[in-house]
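Here it is: the structure, laid out below.
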Amino acid sequence: MRPLLEYGHSVWQPQHKTLCSDVEDVQRRATKLLASIQDKPYPERLATLRLPSLEFRRKQGDMIDLWKYIHGVYDTDRPHFDIEKTRDTRGNSLKINKHRCRLNLRNNSFSHQVLETTFWPNCKDYPSSCQIARSLGNNVVYTKASTKEHDNLYYIFSTIGIPSIVLARATGADSDLMFNWDKLMNQSLENSISFKKAEGLKVNYMYAVAFTRLIEYNDTQDSADLNNKELTLKDWIFRNFTDFFWDTLPLKSGGSNEFVFNSTSDFHSPNESNNGSLSFSFLVSGADGRASELPALERTANLTQFDFVLDNFTPSFSKSRFALETVLVSLSKNKNMSIDETQSIDDEYSPGVFTINNWLSCPSNQMETGFLQWKPVSYLSKDRGRKSATKVKHYEIVDIKDRNSEVAMVKSSIVEAFFGDVWNRNDVIIRSSNISFGLNGDGFYLKNNYTVWSSSVGYGKPPADSISTTVIIIIAAGLGIPVILIIFGGIYTVFRRLRGQSGYQAISNGSLNHNNPQVN
Amino acid sequence: MGDRDNDDSENSPLLSSGSSMDIELTGCGATPFCNPKSFVHRYLIILVLICFLSFGSYFCYDNPAALQDTMIKDLNINEGNFMAFYSFYSWPNVVLCMFGGYLIDRIFGVRLGAIIFSIFVTCGQVVFAFGALINSYPLMCFGRFVFGIGGESLAVAQNTFAVKWFQGKALNMVFGLQLSFSRVGSTVNMNVMQPIYDYIDKSTHGYKCLGIALFVGAFMCVFSLILGGILAVLDKRADRILKRKSLSAEEMIRFRDIFTFGFPFWFISIICVAYYVAVFPFIGLGLVFFEMKFGMSPTSANAVNSLVYIVSAVASPVFGFLIDRSGKNVFWVLLGITVTLACHMLLAFTFLNPYISMVIMGLSYSVLASALWPMVALIIPAHQLGTAYGIMQAIQNLGLAVISLTAGIIVDENGYLILEVFFMAYLCLALIAGVLLYLWDASNGGQLNLSARVRHLQQAKEKAEDTDNGDRLVQ
């Protein structure tokens, strides 16, 4: 699937390039004119710009349709569906769920959970506001993962303000999220996203992951460490994600659960002719499995995987490295957040990576926690081989409740739109950590002008790699057979020696010169 | 074993003296320093010459690695082209050093062989350097190829020299020392070439500077060549004085003789290849493993990765000496394999600090290397030794070349855990071959696994028999 996706990418990229110079100014102005966007020409021009992209989307949509057809996932434009197939519960015990899911796999029925992704939800109800949002690239994607027992996960992905993901679990009744685009386009986003009223609906937990800044630094010491004291003030460039302009998603998802938030903004460096891009590619997972590309993170029904890609970005320094400032917002009384590092001797899924990191939003309650999971590896080239692998480092989690600039950025996003004005409440935890890419001696970002980092956002107990049966069999065969041979061989020889002991002593003197027969 | 003394007395029944010192030595020759019979001459002159014989070739072998970045920049080549410098050395040697060994036995003899292969090494390096000087990549590859023709065969000649002079005396230690010197050669190269390049860079730049720097390597080869010449002269003189016998036509090795080498030799070869492929390709891939699994910085990962080399450079002569004292070579080989296997297990299945495992692996590698190679001299007659060592080295080169490629693929596809299991399986194979060697040896006289005391007694006894024979003939 990927090659075609990239093929499509490569098709529209050059076309875009020719248009780029014309449209670039418009884009830049549009980003600056956030408040006043009554002008019609912008969306029109943007529409012309998106045309090839739409074509590409269609192609992708076709493919995903095919994929869905094969896997039997029902897709429709309308959020209602009726599936008669056997489904199991995503109950309290996720483990059992996982197990059952595997059984379902054998039954050739994937649909223990139904995914339904909508681009621009409720757009029709607010045509003018939604049109403005589209012209600004203020994407919203809404995915509902529902079960027959109404134990549902609700995802919202958006580029409004900053790229962010909101995840909520609600039980008791089937509901839907309602998006008020008039409010979403307001200065204050408060309450622009809410649950449709439903009898018995209980919102169990919600949390959000947001990316606030792209950090670039001149790693003069090649330490690949943000905490390096040698770095001076002029070695840093902080880019707020609020300043980025995002490509507009098409109106319809075409049944796909994959989408890309792509930004080709020139990152405020007017001197450089830049055709680089920064993107988050999401894949909402509805079943167990594993990503086909390295680091091959495990998939469950309760998570979404995303790739963060910095492609052909012109770095400001020759020794540039990058980092993402990441924020987790959780609505719970629990005050602790932690990034757990689990080590394993087994690196079969992602060669050379022995650690898996889980940033838990509520570590004390494994069933009611959100997680951000990643392996500490990023790749410096598209083919993601061992040779292009480099390290991902994370830093201490910081409470940023009192940091106005960060909170303001989170407030400009859908986190505020969904959570409401909760920032002074006691049960709101808002923590930040940086995630940096690179390792001493890897040749810096400049080596390939490419970095990709994969991660999963999900709910519940994060998946944990276990040693596969194949590996156990290989170990058993590789080490067991020789050991057995030696043991049996040993026993056999001991027997032989015991029987024929007398025969040997005589030989030992005579055979010394068996290679040089004596003449006399 | 005293074979030569033995043959000597059989074929030249001229003098009755128990000592083969029958030529009057005068002047310097009479002093212990020059007297080929003396301890001082053997250890102070010959051993040093033998060790330095292949110093030049080891020094130049790793020239590309020491200048990797500058080489890629100056010659404007990519990493693949750069790696070809090593391929052009190692792949031909999968076959060539076998013929090299055979030629030493059959045509050149060890003295002429050593000189001829030294000349190849020197010429190869000169061509390599000249290629850099005129910025001709194909010429450089050709240079490496010529260098390769000489390099491995020179190592065979070196082994044969060692056996000739130290058989039954301190052979294990000498082999250990040779190993150290090969390490010293590449270490000196690693540390010296870049400063030399930087120094030359002050006056000349680019590929010309590179060419001149590589000519410094060629000087090392010339130095080794001169030492090879001296060694040849001293060896010839010793042959004359000690009345070492020259081979008769029917004793000359024929190609089909390699089929008469017998099981122990092939077991040793299997151990050799199965053991070495579990150590060196691992080191080649070790950097990322130490960085990622044990969270080490690239600098310390590099340090851990080179521990095996450093430890073995120091430990192999010591272990060689101990093995000379104790005998029991097969036992030491089995010990070396088992301990290495344990180290790989620690690395694969635990998070124990890799410094420990790698130091122990370095020690066990030293034990194995100094116990394994001399065993060949115990089972193969002297006039076939060159061929035997050539074959062993050829098999080893083949194994290393193939397994290095395979190991890279395994890591990419399945990760380091499987890779470690793969290496452990090879060590198990080596262990099985070792056990079979022990069993075969035990049921055929236990010659290989004799303790040093018994071996000395036998030697003394043989010597006495030789003397008897000589006396009888005279009578």
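If each DSSP helix of 4+ residues adds -39,500 (n - 2.57) and the sum is divided by the residues in chain B, what number results at 222 nm, nearest 500 deg cm²/dmol?
Details: 18 runs with 368 residues, N = 475.
Value at 222 nm, helices only: -27000 deg cm²/dmol.
Could you give the distance between the Cα centres of the stretch A:333-379 and the stretch A:190-261, to the whole Å?
Taking the Cα centre of the stretch A:190-261 as reference, the centre of the stretch A:333-379 is 19 Å away.
Between the DSSP loop rule and a limit of at most 12 other Cβ atoms within 10 Å, which chymotrypsin sites (Phe, Trp or Tyr not before Pro) in the stretch A:213-255 are left?
none
While we're here: Along the principal axes of its C-alpha atoms, what lengths does the stretch A:114-272 span, in descending order and rounded to whole Å?
Over the stretch A:114-272, Cα extents along the principal axes are 59, 34, 30 Å.
While we're here: Please report, in cubic angstrom per residue, the volume enclosed by the convex hull of the alpha-carbon atoms of the stretch A:249-407. If you can, show how the numbers build up before the last one.
Details: hull volume 28.9 nm³, N = 159.
In the stretch A:249-407, the Cα hull volume divided by residue count equals 182 Å³.
Find the centroid of the Cα atoms in the stretch B:45-88 and in the stretch A:294-332, then give the distance between the two in whole Å.
Here the two parts' Cα centres lie 42 Å apart.
Between the alpha-carbon centers of the stretch B:303-381 and the stretch A:394-436, tell me the distance in whole angstrom.
Distance between centres, Cα-based: 57 Å.
Separate question: Please list the non-local residues whose amide H lies under 5 Å from the amide H of residue A:390, H modeled 1.01 Å from N, same-chain partners needing a gap of 5 or more.
Hits under the 5 Å cutoff: A:378, A:379, A:380.
In nm, to one decimal, how far is the residue A:292 label point from the residue A:125 one, both placed 7 Å along Cα→Cβ?
The answer from the label model is 3.7 nm.
Assuming R0 = 60 Å, what is the FRET efficiency of residue A:220 and residue A:499, from their Cβ-Cβ distance, to the nearest 0.05?
Details: r = 75 Å, r/R0 = 1.25.
With a Förster radius of 60 Å, E is 0.20.
Beyond 14 Å, how much of the Cα-Cα pair distribution for the stretch A:421-488 remains, as a whole percent?
Values: 1839 of 2278 pairs.
Every Cα pair in the stretch A:421-488 considered, those over 14 Å come to 81 percent.
Dipole magnitude of the stretch B:184-342 about its Cα centre, charges +1 at Lys/Arg Cβ and -1 at Asp/Glu Cβ only, in debye to the nearest 20? Present the calculation step by step, with values, prior to reporting the outcome.
Values: 13 positive and 9 negative charges, 102 e Å.
Dipole of the stretch B:184-342, to the nearest 20 debye: 500 debye.
In addition: First measure r as the distance between the Cβ atoms of residue A:196 and residue A:396, then evaluate 1/(1 + (r/R0)^6) with R0 = 41 Å and state the FRET efficiency to the nearest 0.05. Write down the numbers at each step before the final one.
Details: r = 40 Å, r/R0 = 0.98.
So, using R0 = 41 Å, E works out to roughly 0.55.
What whole-number volume per residue, in cubic angstrom, does the convex hull of the C-alpha atoms of the stretch B:352-475 give? Could you put the intermediate results ahead of the total?
On the way: hull volume 17.6 nm³, N = 124.
So the per-residue Cα hull volume is 142 Å³.
Give the Rg/Rh ratio for chain B, taking Rg as the radius of gyration of the Cα atoms and Rh as the Kirkwood radius, to two decimals.
On the way: Rg = 23.2 Å, Rh = 23.5 Å.
When Rh is taken as the Kirkwood radius, the ratio is 0.99.
How big is the dipole moment of chain B about its Cα centre under a simple scheme where the beta carbon of each Lys and Arg is +1, that of each Asp and Glu is -1, and everything else is neutral? Debye, nearest 20, please.
Values: 28 positive and 31 negative charges, 119 e Å.
My answer is approximately 580 debye.
Out of the total accessible area of the stretch A:372-438 (probe 1.4 Å, heavy atoms of protein only), what percent is carbon and sulfur? Please report the intermediate quantities before stating the final value.
Working: 1050 of 2520 Å².
Solvent-exposed carbon and sulfur of the stretch A:372-438 make up 42 percent of the total.
Using 0.36 nm per residue, how much length does the chain from residue B:263 to residue B:451 gain when fully extended, once their Cα-Cα distance is taken away? Walk me through the numbers before you get to the answer.
Working: separation 188, 0.36 × 188 = 67.68 nm, distance 2.14 nm.
This chain segment gains 65.5 nm when fully extended.
Tell me, Kirkwood radius of the stretch A:385-432 from alpha-carbon pair distances, in Å? Could the numbers behind the result be given before it?
Values: mean 1/r = 0.0772 Å⁻¹.
That comes to 13.0 Å for the stretch A:385-432.
Pop a pseudo-label 7 angstrom from the Cα along the beta-carbon direction at both residue A:149 and residue B:190 and give the gap in nm to one decimal.
Result: 5.9 nm between the two label points.
A further question follows. Quick one: angle between helix B:109-133 and the longest Cα principal axis of chain B, in degrees between 0 and 90, rounded to 10, please.
For B:109-133 against chain B, the angle is about 20 degrees.
I'd like to know which of B:352, B:464, B:388 lies farthest towards the positive end of the charge dipole of chain B, counting +1 on Cβ of Lys and Arg and -1 on Cβ of Asp and Glu.
Towards the positive end, the residue furthest out is B:464.
Excluding residue A:440 itself, what net charge comes from residues whose Cβ is under 12 Å from its Cβ, given Lys and Arg +1 and Asp and Glu -1?
Working: positive: A:319, A:321, A:391, A:393; negative: A:219, A:222, A:225, A:442, B:291.
Counting the neighbours of residue A:440, the net charge comes to -1.
Counting only other chains, and only Cβ atoms inside 10 Å, what mean value do you get across the residues of A:335-348? List each step's numbers first, then the result.
Working: counts 0, 0, 0, 0, 0, 0, 1, 0, 4, 3, 9, 6, 10, 6.
Rounded to a whole number, the mean comes out at 3.
For the residue pair residue B:335 and residue A:484, what label-to-label distance in nm results when each label sits 7 Å from Cα along the Cα-to-beta-carbon direction?
The two pseudo-label positions are separated by 3.2 nm.
Something else about it: Once the Cβ-Cβ distance between residue A:232 and residue B:406 is put in as r, and R0 is 30 Å, what FRET efficiency do you end up with, to the nearest 0.05? Don't skip to the end; give the middle numbers.
Values: r = 48 Å, r/R0 = 1.59.
Using R0 = 30 Å, I get an efficiency of 0.05.
Continuing with the same structure: Counting other Cβ atoms within 10 Å, keep those with at most 12, restrict to DSSP loop, and tell me which GluC sites (Glu not before Pro) in the stretch A:393-424 are left.
Those satisfying the criteria are A:396.
Right, another one. Give me the three principal axis extents of the stretch B:22-174 from the C-alpha atoms, as integers in angstrom, largest value leading.
Largest to smallest, the principal-axis extents are 62, 29, 26 Å.
Another question, if that's okay. Rank by packing, highest mean first: peptides A:306-312, B:235-241, with packing defined as the count of other Cβ atoms within 10 Å averaged across residues. Show your work: numbers first, answer last.
Working: A:306-312: 20.9, B:235-241: 16.1.
Per-residue Cβ counts within 10 Å, averaged per peptide and sorted highest first, yield A:306-312, B:235-241.
How much area per residue is accessible in chain B when the probe is 1.4 Å and only protein heavy atoms are counted (Å²)? Write out the running numbers ahead of the final one.
Values: 18490 Å² over 475 residues.
Result: 39 Å² of accessible area for each residue.
Further question: Size of the stretch A:314-390 along its principal axes in angstrom, Cα-based, largest extent first?
Projected onto the principal axes, the Cα atoms of the stretch A:314-390 cover 44, 36, 16 Å.
Given q = 0.10, 0.15, 0.20 Å⁻¹, what are the Debye log10 I(q)/I(0) values for the stretch A:319-456, with equal point scatterers placed on the Cα positions and solvent ignored?
One equal scatterer on each Cα of the stretch A:319-456 leads to -0.41, -0.83, -1.17.
The values are calculated or read from the model by the stated rules, or taken from the named source; none is laboratory data. Note that the coordinates shown come from a computational prediction; the quantities given were computed from them, not determined experimentally. We place every Cβ from the backbone using ideal geometry, glycine too, and count neighbours over all the protein chains shown. The protein model used for the area step is the full one, side chains on, heavy atoms only, and it has no ligands, DNA or RNA in it. Shrake-Rupley method; radii C 1.70, N 1.55, O 1.52, S 1.80 Å.
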